[in-house]
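Taken together, the values in this text are just the output of simple stated rules run on the coordinates, not laboratory data. It should be emphasised that the depicted structure is a prediction, and the values quoted were computed from it without experimental measurement. Cβ coordinates were reconstructed from backbone atoms using ideal geometry, including for glycine residues, and neighbour counts include every protein chain displayed.
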Amino acid sequence: MIQDIPIQYFLIVSTIMFFVGICGFLIRHNLITILMSIELILNSVNINFLVFNKYLFPNQLQGNFFVLIVVAIAAAEASIAIALFINMYRMYNNIDVENISEMKY
Amino acid sequence: MIDYTYTIWIVLIPLIMFVILGLFGSKMKPNLAGILGSAGLFTTTILSYLTAYFYFFKAEPINGAFTSITAYNVEWLKFSDSLSIHLGVLLDPISVMMLVVITTISLMVHIYSIGYMKGDSGFQRFFAFLSLFTFSMLGLVVSTDIIQMYIGFEMVGLSSYLLIGHYYEKPSAVAASNKAFIVTRFADFGFLIGILLVSFYTGTFDFNVLTNNDASVYTSMGHASFLGMSALTWGMFLIFIGGAGKSAMFPLHIWLPDAMEGPTPVSALIHAATMVVAGVYLVARMFIVYHFQAPGTLEFIAYVGAFTSLFAAIIAITQYDIKRILAFSTLSQIGYMMLALGVSGYGGEGGVGYMASMFHLFTHAMFKGLLFLGAGSIIHAIHSNDLRDMGNLRKYMPITFITFAIAVLSISGIPPFSGFWSKDEILAAAFEHNKLIYFSSVLVAGLTAFYMSRLFFTVFYGKKTDYKHEPHESSLLMTIPLMILAFAATFAGFIPFSSFVTSDGKAFESSLSLSIAIPSVIIALSGIVLAFLLYHKKSDVPDKITVSLGFLYRATLNKFYFDEIYLFVTRKIIFNLISRPIAWFDKHIIDGSMDGIAWIIETTSIKIKGLQSGQLQQYAFVFVSGTIILVLFFAYWFI
Amino acid sequence: MGLNQLMFFFLSGLILVFSILTVTSRKILRAAVYLLTVLLATSGLYFLLNYEFMAAIQITLYAGGIVVLIIFSILLTSHISHKFERPALANVIAASLTGLAGSFISIWSIMKFPFNASTEPTLDVNMKEIGMQLMSTGHQGYALPFEVISILLLAALISAVIIAKKGN
């Protein structure tokens with residue numbers, strides 16, 4: 001419980017951040033920017049976890065651990081994704097998302 | 001009491017041989033495969049002879065009658081507490097006699113084939129299938145259960161198919177094997193329905209119950225009726241159809257002449273001595289039922305047999321293919337056996353027809369096997385089936401000549417050869433029962449003597465001497481079986497059959513009645529003399545006779561156009577009027593509906609596959625907006 | 001307006017402005033830097049919540065690790081001076097509408113939902129407590145997820161090497 005700040009404030013900020021991330025995912029063509037959008041989304045979720053932990057279950061640490069794990073997964077995901085981007089760059093000489101449509105029908 | 005459990009090995013050894021030869025035969029030297037097959041069969045033969053010895057001479061008949069012994073029985077399929085299918089070995093006079101016949105002929109054919117099939121590319125396969133056939137046939141005759149017999153019928157049909165199609169590169173052999181299989185299969189369908197009908201009412205498959213004198217199991221069948229005949233009559237009639245198909249009775253005879261496309265030893269074994277008498281055996285097995293419960297069907301059997309024998313004998317006169325002549329004579333002789341069963345009574349002297357039928361089956365197996373093996377020897381020597389290519393062979397092939405002569409005399413019914421004794425019993429039985437059948441049989445006896453002698457004189461006397469290469473006597477492997485069978489064909493007639501194989505198991509004294517024997521011998525002799533005059537040297541009398549007969553001759557030469565009639569019925573009538581509409585229905589309605597479904601799905605898929613654009617963001621957009629719409633929907637719904 | 005509130009509004013403002021800049025910037029390296037700002041501001045929020053350890057993690061891992069990784073890959077695959085084309089207007093409108101609708105629904109439901117602040121005593125979150133729970137297997141122990149995540153990281157490590165390796 002933080003003085004003067006109700007829980008909804010945090011949640012609204014994280015929500016807006018989440019949907020900004022979604023918009024980024026939908027608009028951008030460059031795969032690295034899409035990856036950054038995903039990081040934004042994960043980050044907003046992290047904020048939610050910690051806020052719920054703090055406000056609703058202050059005598060436990062579940063939110064903290066969730067965030068820890070999410071951060072670890074985000075790191076793993078980023079490393080794999082970047083390996084894929086580099087590989088793709090070798091094939092197409094750019095990393096536009098339009099290029100990866102070979103698996104369609 | 002003798003323990004007969006070992007008899008199961010009579011059936012199993014050929015099966016084991018089939019498995020060994022079938023799996024490993026191609027890796028063996030051909031001769032090894034042949035010797036292995038013959039050795040296995042030799043063991044079987046010894047066992048069969050032992051069984052016959054024990055059964056007929058060692059075991060004490062109960063009340064003077066040979067009883068049927070279930071030597072081995074195992075439950076195979078259990079339908080309910082009371083109804084189940086058994087597989088096993090049933091020993092009674094006819095099955096023991098059949099064991100002896102089958103193993104003897106099969107052993108002779110095995111030994112003969114080692115010589116006859118030498119150098120054939122399918123040598124090992126041939127022996128494997130011979131073993132399979134022997135197994136099936138033995139399994140058929142020892143059936144304890146009518147279903148086992150049905151299985152045997154199917155399996156001999158299958159092995160017959162495989163052996164007829166041995167030269168499968170030849171289109172005619174393939175066609176013949178298909179024809180044999182389809183026709184007999186068609187008849188077996190009747191057999192199956194008959195079995196189902198009979199066992200539906202009697203509630204059992206067991207021969208011990210079905211052929212019991214106590215007829216209580218059939219009471220319910222007598223009451224149910226269909227189209228004016230009782231269910232029992234129908235059932236027995238349908239069962240007879242199965243037998244008629246296997247025994248090539250008119251009008252299901254068309255497959256047998258074509259089956260001669262197979263190797264000659266096969267013709268000797270399957271299409272003369274053993275498989276084709278399966279139908280006779282079936283009727284004999286169910287004889288008590290036919291006699292007491294369905295006398296109408298038995299009468300019908302007698303007429304079918306008599307007609308077939310006459311019909312086939314007439315055709316045989318005009319044929320030129322040596323094996324086809326023998327095939328038609330087989331038809332004719334099996335007709336004899338059928339008619340003998342048909343005119344037989346039951347018990348003691350009255351059952352002389354039954355005894356005569358089995359007797360004739362026995363002697364026929366010997367002399368017809370001999371005839372076919374002799375024909376094989378001739379074909380082997382001059383590489384042709386055609387009578388017109390042969391002549392004057394007695395100089396080149398003395399052993400074949402003598403043994404063939406014995407066989408011809410035997411089938412013509414000249415005393416003291418075996419055919420005379422059994423044929424005489426048949427004629428006696430027919431005389432007692434039905435004069436019409438009797439006269440037709442006597443006529444057939446004369447015709448038989450005539451066409452066999454025609455064959456004999458044309459081949460061994462006649463004109464021709466300019467062979468491309470000198471014909472020579474066959475090897476010992478082929479002539480020894482001929483000599484053994486010639487011995488059997490000469491002396492088999494002296495076996496007092498009436499003290500072993502009778503309708504009720506009780507021995508009786510059968511006597512040779514001169515009033516029957518003398519006319520039949522006279523007519524047979526006259527047939528032989530006529531043939532001698534016409535054919536012993538080249539003359540143009542036969543040709544003149546042919547010309548004067550005109551259409552009759554052509555009809556006979558073409559087997560009374562029966563193949564053509566069948567073709568007309570199937571091609572023109574059944575194919576056009578039944579099959580075509582059904583095919584149309586299948587193609588347009590059934591297939592059409594399936595195709596329609598496929599077409600609808602395919603068209604829709606093509607239409608909507610654009611949704612699967614491969615554009616990641618499009619998917620994400622659909623996903624997110626879909627989620628939002630769902631949330632809105634549920635929010636509206638629940639709040 | 002208390003100091004807490006002031007701090008919160010300052011950090012939230014940073015987060016929102018730079019998030020939007022991240023996804024709209026047409027220069028990719030700038031976008032990465034904006035993202036870094038967002039992540040740092042988020043760690044500020046964690047400090048505000050008194051989760052110092054999480055804030056530290058946020059700075060080291062996100063800001064220090066992932067953003068650096070992203071910048072490296074940008075340097076490998078793009079030209080710094082390259083400016084993206086403007087995305088199609090229809091796309092932008094559709095995406096913004098979706099985003100607006102989504103935020104509206106979420107915020108609406110957040111405002112409607114009665115959050116009951118807990119009255120339980122606040123647990124003092126220090127590194128010792130976190131370490132004990134992370135490695136314990138009993139009640140409120142997180143040893144299993146810890147091990148699982150370590151295997152995941154190992155797998156990611158190996159596969160990243162395999163995928164990015166040149167040729168076969």
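Assorted remarks:
- 5 angstrom amide H check on B:Val89, placed H, neighbours 5+ away: B:Ala71, B:Tyr72, B:Asn73
- A convex hull fitted to the Cα coordinates of the range B:172-214 yields 78 cubic angstrom per residue.
- When the helices of chain A are scored as -39500 (n - 2.57) per DSSP H run of n ≥ 4 and the total is divided over every residue, the value at 222 nm lands at -26500 deg cm²/dmol.
- Longest segment of chain B lacking GluC sites (Glu not before Pro) that sit in a DSSP loop with at most 11 other Cβ atoms within 10 Å: B:170-508
- Sites listed here are chymotrypsin sites (Phe, Trp or Tyr not before Pro) in the range B:8-100 whose DSSP assignment is loop and whose Cβ has at most 12 other Cβ atoms within 10 Å: B:Phe79.
- Binned Cα-Cα distances of the range C:3-110, short to long, each 10 Å bin given as a whole percent: 13, 32, 35, 17, 2
- Pairwise Cα distances in the range B:274-430 exceed 19 Å for 55 percent of all pairs.
- The magnitude of the dipole of chain C, with charges of +1 and -1 set on the Cβ of Lys/Arg and Asp/Glu and taken from the Cα centre, is near 880 debye.
- Compactness index (Cα Rg / 2.2 N^0.38 Å), the range C:90-168: 1.91
- The order of B:His360, C:His139, C:His79, going from fewest to most other C-beta atoms within 10 Å of their C-beta, is C:His139, C:His79, B:His360.
- Ranked for footprinting exposure by Cβ neighbours inside 10 Å, fewest first, C:Tyr46, B:Tyr168 give B:Tyr168, C:Tyr46.
- Peptide-level mean, for C:131-141, of C-beta atoms on other protein chains within 10 Å: 1
- For the range B:8-47, the equivalent ellipsoid derived from the Cα gyration tensor has semi-axes of 19, 11, 4 Å, listed largest first.
- Using C-alpha pairs below 8 Å separated by at least 6 residues, the relative contact order for the range A:2-102 is 28 percent.
- Positive-end extreme of charge dipole, the range A:2-102 - chosen from A:Gln8, A:Leu40, A:Phe85 (charges on Cβ): A:Gln8
- Shielding by partners, peptide C:68-75 (average Cβ within 10 angstrom, other chains): 5
- Under-5 Å amide H pairs with B:Lys506, H placed in peptide plane, nonlocal only: B:Phe66, B:Gly348
- Kirkwood-type radius of the range C:30-90, with distances r between different C-alpha atoms, in Å: 13.1
- Counts of other chain beta carbons within 10 angstrom of each beta carbon in peptide A:87-100 average 3.
- Calculated P(r) tail over 37 Å for the protein assembly as shown, as whole % of Cα pairs: 61
- Cα centroid separation, the range B:369-394 to the range B:551-592 (Å): 36
- Taking every alpha-carbon pair within the range B:1-122, the share separated by more than 17 Å comes to 64 percent.
- In chain B, the sites counted are trypsin sites (Lys or Arg not before Pro) in DSSP loop states with at most 14 other Cβ atoms within 10 Å, and the longest stretch holding none of them, exclusive of the sites, is B:1-462.
- Residues B:Asp595, C:Asp124, arranged from fewest to most other Cβ atoms within 10 angstrom of their Cβ, appear as C:Asp124, B:Asp595.
- Highest to lowest packing among C:95-103, A:15-23, scored as the average C-beta count within 10 Å: A:15-23, C:95-103
- Relative contact order computed over the range C:3-110 (Cα-Cα under 8 Å; 6+ residues apart), in percent: 26
- Base-10 log of normalised Debye intensity for the range A:2-102 (one unit scatterer per alpha-carbon) at q = 0.11, 0.12 Å⁻¹: -0.44, -0.51
- Computed over chain B, the Cα gyration tensor eigenvalues convert (square root of 5λ each) into semi-axes of 51, 33, 27 Å, ordered from largest to smallest.
- About the Cα centre, charge dipole magnitude for the range A:2-102 (Lys/Arg +1, Asp/Glu -1 at Cβ), debye: 180
- Sequence-distant lysines (8 or more away, or on other chains) whose Cα lies within less than 30 Å of C:Lys112: A:Lys54
- Fluctuation leader among C:Phe115, C:Phe53, C:Phe18 - chain C, Gaussian network, Cα springs under 10 angstrom: C:Phe115
- For the range B:431-563, size of Cβ-based charge dipole, Lys and Arg +1, Asp and Glu -1, in debye: 440
- Take every Cα pair under 8 Å whose residues are at least 6 apart in sequence, average their separation, divide by the length of chain B, and the relative contact order is 12 percent.
- Selected from C:Ala156, C:Ala41, C:Ala143 as most flexible by GNM, with chain C as the system and alpha-carbon contacts under 10 Å: C:Ala156
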